[in-house]
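Following: one structure in structure tokens, then a few remarks.
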Amino acid sequence: MYKPHFSAASDRLNQADANVWAVSDRAHQLADKGEDVIFLCVGDPNFDTPEPILDYTRARLGVGRTHYSPDAGEPVLRRAIATIESKVSPHPCSPDDVVVFPGGTNAIYAVLACLLNPGEEILIPEPMYIGYVPICNALGLEMKKVACPAEDNFAFDVEAIKAAIGPETRVVMINTPVNPTGAMATPEQLRDLAAYCRERDIWLVSDEMYSMITFARRHTSLRTAAEELDNVVVIDGLSKSHAMSGWRLGWAVARGELTGRLAQFAGATIFGCPQFIQEAAAFALEFDSYFVSQMREAYQQRRDLIVERIARIPGLSCASPEAGMFVMVDVSGVAESGLAFAESLLDAEHVSVLPGTPFGPSAVNHVRLTLAADEADLRRALDRIEAFVTRGNRQAG
Ligand SMILES: Cc1ncc(COP(=O)(O)O)c(C=O)c1O
């Protein structure tokens, strides 16, 4: 019998906690059996890619833009990204500072692969994006988490991050706006943290995938806020802002030697993203303000609807997120944990929400509701959540 041998990286991925999506998997099974399940667990925008972007893509396919592309990305896209990065920043961005990847996930993977060896420490504030865990597992990194507690509305806490940085820390990775909490770092906090990390020869990587979905105030990029850029990396992409998650288009912006190394890494692992997709991305970035603001307004209306309805359900509470595509609901008044709530809500009412636990210890009493569902579904789901909690409250009382 052939006995397969696998790499340590594959073993680490294989052994990792598979329960993250357990509630959602069960929801899909129920839906497959014909049950009327409402999914509030997804992070995939429920808008179609805007029609002009589709038209432009068809045109680029029609002129044969279907060949290999440079490792760092098509010049037209790198220029479009550099223009955006330069717009409000005191630091002009050159196309040479930009490397294109097939999606934010791949950009993060490449950046961390170029900055850290297996066994080295990366510090990440939590609650944090679930997708960091498999990336760190694949790379064999030591993840050290620093809490941004629920009592402070999960606010970005620079002092806590600084205090958690130790002699072993090689990289601090932040996410602003945060998935799942919607918290945003202020420009002053970013400037402060970048300088603190730089003094200690530590990289500061900022995942800014939700940069264009902000409600309360405009996003400030780490690259704009930092005084010096040589230890700073920013990651962004089109998955969320432009409802282009399936196009797989993200990028990293850095300075100096790192960009060349990222391009080499991209050359070794991807060998160029599709030409027509990169050109569509450049088009999208140039002509996007109307679509992006329409989607942002829809998300904001959905956020307001959820926050207003949750406030009226005794035992539940939530803060109104400043940004992003999610609302975190505190269920500690009615359930043992976010997981218990999510499981019984699915059983009783066929509404699928994501328990907070996988996002980090600070979110165990929360569930995450998505804004990526249309208003009618949100209303139906909120009716069901209200009925579920009210019934439970009556029984408890
Ligand atoms: C914070 C954050 N970073 C990165 C990603 C991954 O982005 P992409 O879909 O472009 O790989 C996501 C997707 O949900 C995210 O929420």
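With springs only between Cα atoms under 10 Å apart, run a GNM on the chain and tell me which of Gly237, Gly324, Gly140 wobbles the most.
In this elastic network of the chain, the residue with the biggest mean-square fluctuation among Gly237, Gly324, Gly140 is Gly140.
For the pair Gln301 and Asp36, how long in nm is the line joining their label points, each one 7 Å along Cα→Cβ?
2.3
If you filter the range 108-197 for chymotrypsin sites (Phe, Trp or Tyr not before Pro), then keep DSSP loop positions with at most 10 other Cβ within 10 Å, what is left?
Sites meeting the loop and neighbour criteria: none at all.
Can you give me the accessible area per residue for the chain, using a 1.4 Å probe, in Å²? Don't skip to the answer; put the middle values down first.
Details: 17420 Å² over 397 residues.
That works out to 44 Å² per residue.
Looking at the P(r) of the range 67-287, how many percent of alpha-carbon pairs lie beyond 23 Å? Please list the in-between numbers first.
On the way: 10190 of 24310 pairs.
Percent of Cα pairs beyond 23 Å in the range 67-287: 42.
Using 0.36 nm per residue, how much length does the chain from Lys162 to Glu120 gain when fully extended, once their Cα-Cα distance is taken away?
Additional length available on full extension: 13.3 nm.
Tell me, what % of the accessible area of the chain is carbon and sulfur with a 1.4 angstrom probe?
Of the solvent-accessible surface of the chain, carbon and sulfur hold 51 percent.
Out of every Cα-Cα pair in the range 250-395, what percent are more than 21 Å apart?
Cα-Cα pairs in the range 250-395 separated by more than 21 Å: 57 percent.
For the range 233-322, what is the largest minus smallest coordinate of the Cα atoms on each principal axis, given in angstrom and ordered from greatest to least?
That gives 55, 27, 22 Å along the principal axes, largest extent first.
Take the Cα pairs of the chain, get the Kirkwood Rh, then feed it into Stokes-Einstein at 37 °C and 0.692 mPa s and tell me D in µm²/s. Provide the component values of the computation, followed by the final result.
Details: Rh = 22.0 Å.
For the chosen part, D equals 149 µm²/s.
Once you've got the GNM for the chain with C-alpha springs shorter than 10 Å, pick whichever of Pro102, Pro355, Pro118 has the biggest mean-square fluctuation.
Highest fluctuation of the listed residues: Pro118.
Using DSSP to define loop residues, name the trypsin sites (Lys or Arg not before Pro) in the range 2-72 whose beta-carbon has at most 13 other beta-carbon atoms within 10 Å.
In loop regions of the range 2-72 (DSSP not H, G, I, E or B), the sparsely surrounded trypsin sites (Lys or Arg not before Pro) are Lys33.
Kindly work out what percent of the DSSP beta bridges joining two residues of the chain are antiparallel, to the nearest 5.
On the way: 18 of 38 bridges.
Percentage antiparallel, nearest 5: 45.
In what order, largest first, do Lys162, Lys3, Lys144 sit by accessible area if the probe radius is 1.4 Å?
The most accessible residue leads, giving Lys3, Lys144, Lys162.
Would you calculate a helix-derived [θ] at 222 nm for the chain, using -39,500 (n - 2.57) for each DSSP H run of n ≥ 4 and dividing by the full residue count, to the nearest 500? Could you put the intermediate results ahead of the total?
Numbers: 14 runs with 170 residues, N = 397.
Mean residue ellipticity at 222 nm (helix-derived): -13500 deg cm²/dmol.
Please identify every one of the trypsin sites (Lys or Arg not before Pro) in the range 312-379 that sits in a loop by DSSP and has no more than 10 other beta carbons within 10 Å of its own beta carbon.
Arg312
The values are calculated or read from the model by the stated rules, or taken from the named source; none is laboratory data. Keep in mind that this is a model prediction, so the values were computed, not measured. Quick reminder, even Gly has a Cβ in these numbers, built from the backbone with ideal geometry, and neighbours come from all protein chains shown. The protein model used for the area step is the full one, side chains on, heavy atoms only, and it has no ligands, DNA or RNA in it. Shrake-Rupley method; radii C 1.70, N 1.55, O 1.52, S 1.80 Å.
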